[in-house]
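Working notes, structure below.
The values are calculated or read from the model by the stated rules, or taken from the named source; none is laboratory data. Just so it is clear, the model here is predicted, and its values are computed rather than measured. Cβ: placed from backbone, ideal geometry, glycine included. Neighbour counts: every protein chain shown.
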């Protein structure tokens, strides 16, 4: 043996033939909804690359609808196969849970997205540009607003059909978000649905600077919150030595079986646990739009193209609350006494701040933004119940609320004047006299937001408040009804404006939409009334879906 | 269960469903066929009246507490059932509601015509693409349906839903259909500015009405949820059934902590006190009644507000008997303030409709006083008062509406000497006014007397103070009559036509009814009294033994 070889053997050793790396075991069937949506999104990108421009719109629309419908069918199939109840399980090597809440929320997200696609595809509201029908999205996103490139793009009749695959990617991320069963999947899903949303926000056809500003704000604040979430994940990993939900829950509960020396060293460190879970919660509360992490909501809601706002307001809320529920009920039930007081405060501040600030708004979209904050507070009251009732009531509320929101924003796209959508409230004066049907439909949505009986808003509000009262949060219920009374004031004010004010001579007109938007609005009204008058079936559904797998 | 579920024809549901159907049908009438819409609405209201009369006839005063009951599952998750049932009080009030609506529709026949009607209103220039006439009558029928079902509901949740939902059509009635007369206060040529000012006032009144009642309702929502949580805790399964809760409380299965019961009671009572309205929550009523048309004002005070006082009897007392006793002194004082304060302000009013509104506040004080005196006479009188106040206020207010529509002003000072020009109008106005001040021989006298007697037997001092309300009532009614109807004939009034046939058809039956019930109230008391006895037995209060009798005996023994 040469000296060089001797020396070499000091720090190397002959490698053994490596074991075959085990392929991860993936239950493709149980992940089908997500996979279908992502698949459709990828195909959409290929269409964008290879189809001629004029064929893209119809191909993309068809693909999105078919993809979402197929994914919804897959969810129904899974639920019918018992995966929501007795066959609930963890899939994809512990990364994704397939259980009642996950399937319910995925179904809700898919339905909402399906309706949102209708509003995305609307092409009759904007006046024709150079003889071609246009939608709400910029002709060419890359062109400088007001520049020559933009004019050329408009003249050439370009449309941003990329919005459909982008939407599908966002939906895919949202499907994973409430089902994520480890913190890393949670983070990845968050990014997967956030990034497409940032892009979508920047794509408005009119008032592009406002739209781009809103996208930048959303992106910057969203990046902050993602960083918080990621840092929290790291701290929790440091605490528990694992990122899986059940693993962390065991350490928190103290039921963990084999305590390694490393774990023994960290699991006594409550600072890691508390700071870590607080930071993860901050990330989620940001997405939910709870005070004090709500600052982005009004600006983004106002600046984003209205169909995107509707989709974002409805679907993001569903996904984010789903993730929040799972985190609090699966990972941190052992810390209930630590997070409940904090969340109490957040819920109260959110309800009151959302309702009070909304009173002073003069823009419909901003008003709906603050109203969404108040509603986040109501839902948090249900989350706080920390009972199975709490889960099912929150699920029900989310389903009911998302359709009302989507419908309301769809109505907002109809009311237009020369500058595009007329979102300033003063322009809505007398709308009820000019086009009674539109105003009546919007009034139905506003009454549902206000929680008037016989609308879905009331059933939902009753469900969450009842769960909160049952979970020992009676004071929250009182604050909740006070906030509801304040909120009722500004919803009613819009109804007053629409029906009892004289129309302005140069006021906006109500555009006649294509069947696409009509379907979206009609569905919104139908769901609002159905869930208000006969909510039992859906409450049952939500009740059966109320158990998390662990 | 002390009820027999009616397996046959769902009469109660039908009584509420007919006006609801009527509302839909009326709203669907094409824009050009306004008159058809009116007749359709009238037909549906008469059909409702017929059904209400069937309910009245089939009701057996001595029978079960809740009769003609219906019960179906509705929202099992919340323990909510679709439960209907009527006791004597409800039967009387349903009959009152069904009786008044046809008159309200007839009286408002021209109130919602899109252009200037036959009256002096100058509303030309409004070009609505909507159908106000159809909407007006459809909304009235919708309110009727919701009021009727509120009277019938024996499930707290069901009651709450319609108690709240009622606000929406009422809100549109107040805000959307103002007084035709208002602009004519100004010169007829410059009606535009007056119109706008009136619209602003009206919108303010509608919003005030809605916010007051919505706030009350939401507080009640918290109490309703609290009730559910309590029953879910104690009974295993949460329930809203009034009878089930009352039974569970009687048998001791459901044991409310004193503090909880009081809080829940306050939550319920707050909503009803806003609706009734009780001082100091009354301020929405004068605005709402002043700005709306006379028929809608009647609808508010004679029909909708009765739901508040009715609910105090049915829900507050029966669900929370202990807390009711606890709160009685405070409520009695508040109702006393209502009586005197309402009457004093009525004396000082310059606006006819606001005067009637404040008079109503005073009368609602009497009703609440009677309810919480917790004696048979008191509560029987209060129930009777609800019916009689409905009829008498309807008579007075509708005639006042006819008067206002002729002159185009609500101000008392604008009238004078009307009785020389329009004697029939003045005569009916006088009878309505005399009924309001409870002249013996007219229906309200019986009820007011009973309330005062019932109160006096337990709380003599309060009874004495309440009597001042009657004195003040004489003052505001007679002064109103004197200023408007007597004296020299004013120029603007000189060519005022007397009551037309349609208007006579509205007023005459009401006056006949006032006279009949004033002389012979027995049919009504027979229906009401068993229900009142039952309520009192739940509250566990008995009439105080008269301590006059023993004294006499001892005197005699000497």
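The condition of being more than 14 Å from chain A (Cβ to nearest Cβ), touching a strand residue (DSSP E or B) at 6+ places or on another chain (Cβ under 6 Å) and part of a helix (DSSP H, G or I) holds for only one of B:12, B:106, B:40, that being B:12. Restricting the range B:52-62 to residues that are exposed (fewer than 14 other Cβ atoms within 10 Å of the Cβ) and assigned to a loop (DSSP other than H, G, I, E, B) leaves a set whose member that is modelled with the highest pLDDT is B:60. Taken together, B:242, B:210 contain a single residue that is away from chain A (no Cβ under 14 Å), crowded, with 20+ Cβ neighbours inside 10 Å and either in contact (Cβ under 8 Å) with a residue 40 or more places away in the chain or farther than 18 Å from residue A:469 by Cβ (or both), which is B:242.
Going through (1) surrounded by fewer than 24 Cβ atoms within 10 Å (Cβ to Cβ); (2) away from chain B (no Cβ under 13 Å); (3) within 18 Å of residue A:398 (Cβ to Cβ) one by one, residue A:543 falls short only on (2). Count of the range B:435-445 residues, restricted to those that are part of a helix (DSSP H, G or I) and crowded, with 24+ Cβ neighbours inside 10 Å, is 4. Of the residues making up the range B:447-462, those that are part of a helix (DSSP H, G or I) and surrounded by fewer than 24 Cβ atoms within 10 Å (Cβ to Cβ) are B:449, B:453, B:456, B:457, B:458, B:460, B:461, B:462. Taking the range B:176-202 as the range and being at pLDDT 80 or above and either at the interface with chain A (Cβ under 9 Å from one of its Cβ atoms) or farther than 30 Å from residue B:23 by Cα (or both) as the test, only B:202 passes. Exactly one residue out of A:49, A:97 is outside any helix (DSSP H, G or I) and farther than 25 Å from residue A:520 by Cα, and it is A:97. For residue A:488, the criteria (1) within 14 Å of another protein chain (Cβ to nearest Cβ); (2) under 19 Å from residue A:429 (Cα atoms); (3) loosely packed, with under 15 Cβ neighbours inside 10 Å hold in every case but one, which is (3).
Has the range A:466-477 got any residue that is in contact (Cβ under 8 Å) with a residue 12 or more places away in the chain, at the interface with chain B (Cβ under 10 Å from one of its Cβ atoms) and in contact with a strand residue (DSSP E or B) (Cβ under 9 Å, 6 or more places away or on another chain)? So far as the range A:466-477 goes, no, none of its residues is in contact (Cβ under 8 Å) with a residue 12 or more places away in the chain, at the interface with chain B (Cβ under 10 Å from one of its Cβ atoms) and in contact with a strand residue (DSSP E or B) (Cβ under 9 Å, 6 or more places away or on another chain). Here is a list of conditions, (1) in contact (Cβ under 8 Å) with a residue 60 or more places away in the chain; (2) closer than 30 Å to residue A:513 by Cβ; (3) touching a helix residue (DSSP H, G or I) at 6+ places or on another chain (Cβ under 7 Å), and residue A:434 meets all of them except one; can you say which number that is? Single failed check for residue A:434: (3). Determine whether the range A:454-463 contains at least one residue that is closer than 26 Å to residue B:211 by Cα, in contact (Cβ under 8 Å) with a residue 40 or more places away in the chain, surrounded by fewer than 24 Cβ atoms within 10 Å (Cβ to Cβ) and within 11 Å of chain B (Cβ to nearest Cβ). Yes.
For (1) more than 24 Å from residue B:295 (Cβ to Cβ); (2) out of contact with any helix residue (DSSP H, G or I) (no Cβ under 9 Å at 6 or more places or on another chain); (3) at pLDDT 85 or above, each residue gets a yes or a no:
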{"site": "B:470", "(1), (2), (3)": "yes, no, yes"}
{"site": "B:478", "(1), (2), (3)": "yes, no, yes"}
{"site": "B:485", "(1), (2), (3)": "no, no, no"}
{"site": "B:491", "(1), (2), (3)": "yes, yes, no"}
{"site": "B:498", "(1), (2), (3)": "no, no, no"}
{"site": "B:507", "(1), (2), (3)": "no, no, yes"}
{"site": "B:512", "(1), (2), (3)": "no, yes, yes"}
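Is at least one residue of the range B:301-310 outside any helix (DSSP H, G or I) and over 24 Å from residue A:465 (Cα atoms)? No: zero hits. For the range A:405-436, the set of residues classified as within 14 Å of chain B (Cβ to nearest Cβ), part of a helix (DSSP H, G or I) and either in contact with a strand residue (DSSP E or B) (Cβ under 9 Å, 6 or more places away or on another chain) or crowded, with 24+ Cβ neighbours inside 10 Å (or both) consists of A:431, A:432, A:434, listed by residue number.
None of B:278, B:285, B:266 is in contact with a helix residue (DSSP H, G or I) (Cβ under 9 Å, 6 or more places away or on another chain), touching a residue at least 60 places away in the same chain (Cβ under 8 Å), under 27 Å from residue A:483 (Cβ atoms) and not in a helix (DSSP H, G or I) except B:278.
In the set (1) out of contact with any strand residue (DSSP E or B) (no Cβ under 6 Å at 6 or more places or on another chain); (2) outside any helix (DSSP H, G or I); (3) more than 23 Å from residue A:334 (Cβ to Cβ), the condition left unmet by residue A:206 is number (1). Being closer than 27 Å to residue A:515 by Cα and out of contact with any strand residue (DSSP E or B) (no Cβ under 7 Å at 6 or more places or on another chain), is that true of even one residue in the range A:85-99? Scanning the range A:85-99 turns up no residue that is closer than 27 Å to residue A:515 by Cα and out of contact with any strand residue (DSSP E or B) (no Cβ under 7 Å at 6 or more places or on another chain). Across the range A:496-505, the qualifying residues are those that are surrounded by fewer than 24 Cβ atoms within 10 Å (Cβ to Cβ) and more than 7 Å from every other protein chain (Cβ to nearest Cβ), and the one among them that is nearest to residue A:439 (Cα to Cα) is A:497. When the test is whether a residue is buried (at least 24 other Cβ atoms within 10 Å of the Cβ) and farther than 30 Å from residue B:523 by Cα, residue B:395 does not pass it.
When the range A:248-278 is filtered for residues that are in contact (Cβ under 8 Å) with a residue 24 or more places away in the chain and outside any helix (DSSP H, G or I), the ones remaining, listed by number, are A:254, A:267, A:269. Please specify each residue of the range A:506-540 satisfying the condition of being crowded, with 19+ Cβ neighbours inside 10 Å, within 13 Å of chain B (Cβ to nearest Cβ) and out of contact with any strand residue (DSSP E or B) (no Cβ under 9 Å at 6 or more places or on another chain). Scanning the range A:506-540 gives A:531, A:532, A:538.
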